[in-house]
1. Can you find a residue in region 290-306 that is assigned to a helix (DSSP H, G or I), modelled with pLDDT under 90 and of a type in the set (Val, Ile, Thr)?
2. How many residues are β-branched (Val, Ile, Thr) and within 17 Å of PRO237 (Cβ to Cβ) if we restrict to region 290-309?
3. Under 7 Å between Cβ atoms, which residue pairs at least 6 apart in sequence (or on different chains) link something in region 53-70 that is over 18 Å from VAL173 (Cβ atoms) with a partner that is of a type in the set (D, E, K, R)?
4. Look at ARG73 and say whether it is in contact with a Ser or Thr (Cβ under 9 Å, 6 or more places away or on another chain) and over 14 Å from SER9 (Cα atoms).
5. Among the residues of region 62-97, which ones are over 22 Å from CYS115 (Cα atoms) and not charged (D, E, K, R)?
6. Restricting attention to region 126-146, and to residues there that are modelled with pLDDT of 95 or more and open to solvent by 30 Å² or more (accessible area, probe 1.4 Å), which single residue is nearest to ALA12 (Cα to Cα)?
7. Kindly provide the set of residues from region 323-343 that are more than 23 Å from ILE421 (Cβ to Cβ) and open to solvent by less than 80 Å² (accessible area, probe 1.4 Å), ordered by number.
8. Among the residues of region 1-34, how many are under 14 Å from VAL68 (Cβ atoms), among the aromatic types (Phe, Trp, Tyr) and without any contact (Cβ under 8 Å) to a residue 40 or more places away in the chain?
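The values are calculated or read from the model by the stated rules, or taken from the named source; none is laboratory data. As the structure is a computational prediction, the values presented were derived from the model and not from experiment. Cβ sites come from the backbone with ideal geometry, for glycine too, and all protein chains shown count toward neighbours. The area values use the complete protein model at the heavy-atom level, side chains included, leaving out ligands, DNA and RNA. Shrake-Rupley method; radii C 1.70, N 1.55, O 1.52, S 1.80 Å.
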Amino acid sequence: MALSVAFFSMDAVWSGDAVSYAFYHPHTIEGLSTYRVQSLSDIWYSMVNHYQFTNGRFCCLYSAMVFVGLLPRWCTALMNVIAIIAVVMLCCRLAGITVRKPGKSAMVACLVWLCTFYLPYDPVFTSNYTWAAALNLFAIVCFFTKRNINAAQCFLLVLLGFVVGEWQESFSVPVAMAMLVYACAKRFRVSRAQWCLGIAYGIGTLVLCLAPAQLIRLETVNPASVGLLMSMKSVWPMLFLPLVYVIVIALKWRSQGYFPKYSTIEKFFLVVALTGYAMCIALKFSSGMRMMICASIATIILLAKTVEWRKRTLAVVTALLCVASVAAAIVTYNKMQVRNEKFTLLPRLYHESTNGRIYLPDRLFAFESRDANDYRLPWLMTERVVDPRKPFLRIYPESARNLDLDTDTNRIIRFMNQGWIILRSRSNPADFLVHRTLFPGLLDKEISPRTLNFNLRGDFVVDSTKAVVVGVYVNDQSLMHTELEMVTH
């Protein structure tokens, strides 16, 4: 696992935020800059502006900017390896797993890997999730320490609590809730270490969640726009873990005849898990599987403390998880090769383009098409360092190269099995409906059609001319089949 993380961290081509966070963040909501950060003070003032306009993760993204803008690539790889090993070791410690139980340790390691392997291996993503997991688990270990602490240790716990609480909200909110519930259950008769770390962690969480930028971010999330079933379509693999835990608890309850008693640690992580999953449901899984990592790690700890399988059963389960982990590594490697090819070719074509339009091979365009469309600004910033007048980037599939974009018309052109080029007339615009079928060939559940919003930046609109607005819609969800319909007025 550690070797895989090291290899992927060194092999991945950085794109999106991992490119833009090398630049100073100006005091504007657009965040467009051509000045690369050159010092820690540059990063400090950049993050002050970032806190106002982008999000409240000051501590988390300050560290990410240091790694992106100032340090060599191997530092990121080293930090990623340290973080993933720390997550596994701290999970084992909190679950009460000792060296005498190597089977459970291997099970935890595999589950942690299966919950995190799909993350991009750049400092922005890993600091938000893998590093965040390691820091929060370490803070929880400190929270439950039974040692008497002196004034210097108290100061260090306050500093740790504030920094980790301010780190990332998908971790901070569930953990802060668990600390509050724990303190209430104890009627606030808690240790000095828990007072110091808990209050500082809560203040850090408030500083994070009440950032001016968080209100801007919340405006971009519209939970009413999609149903819960649709929002779960991209996160369903992560739902197996809580399902397995519920089944294990149910079987244990049935065999023992009474509900298992929870230890203090189990109650703590049960609150973390429930709060984390509740947040995901409330926000309709708006950030995909990665926003479930905190709840998933809490569930891993609960599962590791609950299972009491025989050695043979545990060996079989661990072997299956090892096979799944190897398969996940292979899938990650294959996807990374395509991703590297795309995000190596894309900036080179953009650099050579005189009008900002580039044409990618259809298969490369379809891979992470919306992410590439969303994150065009970093490449613009990179190019405008050299040429301040560089036109904005417009990304097309190769099949659109010879299309007539100067004729005012409404058209749908299929260029791959689940991909369409859409031309929408400026003078007489049609509506374009996406008809969706969930679990095709199995359930064939029809979902209400979605009308494509041509004003939604980054959704699928790639360009516009005086005659038409150009969109490219690609369905990358294997569990859903889509068809497009044009409705003229």
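1. Looking for residues that are assigned to a helix (DSSP H, G or I), modelled with pLDDT under 90 and of a type in the set (Val, Ile, Thr), one finds at least one in region 290-306, hence yes.
2. Residues of region 290-309 β-branched (Val, Ile, Thr): 293, 297, 299-301, 306-307.
After this cut, where a residue has to be within 17 Å of PRO237 (Cβ to Cβ) as well, the list is 293, 297, 299-300.
Residues in region 290-309 being β-branched (Val, Ile, Thr) and within 17 Å of PRO237 (Cβ to Cβ): 4 in total.
3. Final answer for the pair search is GLY69/ARG36.
4. Details: in contact with a Ser or Thr (Cβ under 9 Å, 6 or more places away or on another chain): yes; over 14 Å from SER9 (Cα atoms): no.
No, not satisfied.
5. Within region 62-97, the subset over 22 Å from CYS115 (Cα atoms) is 62-63, 65-75.
Correct list: TYR62, SER63, MET65, VAL66, PHE67, VAL68, GLY69, LEU70, LEU71, PRO72, TRP74, CYS75.
6. LEU135
7. Our first condition is that a residue be more than 23 Å from ILE421 (Cβ to Cβ); within region 323-343, this holds for 323-337, 340.
Hits for region 323-343 are ALA324, SER325, ALA327, ALA328, ALA329, VAL331, THR332, MET336, GLN337, ASN340.
8. We begin by selecting, within region 1-34, every residue under 14 Å from VAL68 (Cβ atoms); these are 9, 12-25, 33.
Of the ones still in play, those that are also among the aromatic types (Phe, Trp, Tyr) are 14, 21, 23-24.
Cutting the leftovers down to without any contact (Cβ under 8 Å) to a residue 40 or more places away in the chain gives us 24.
Adding up the residues that qualify gives 1.
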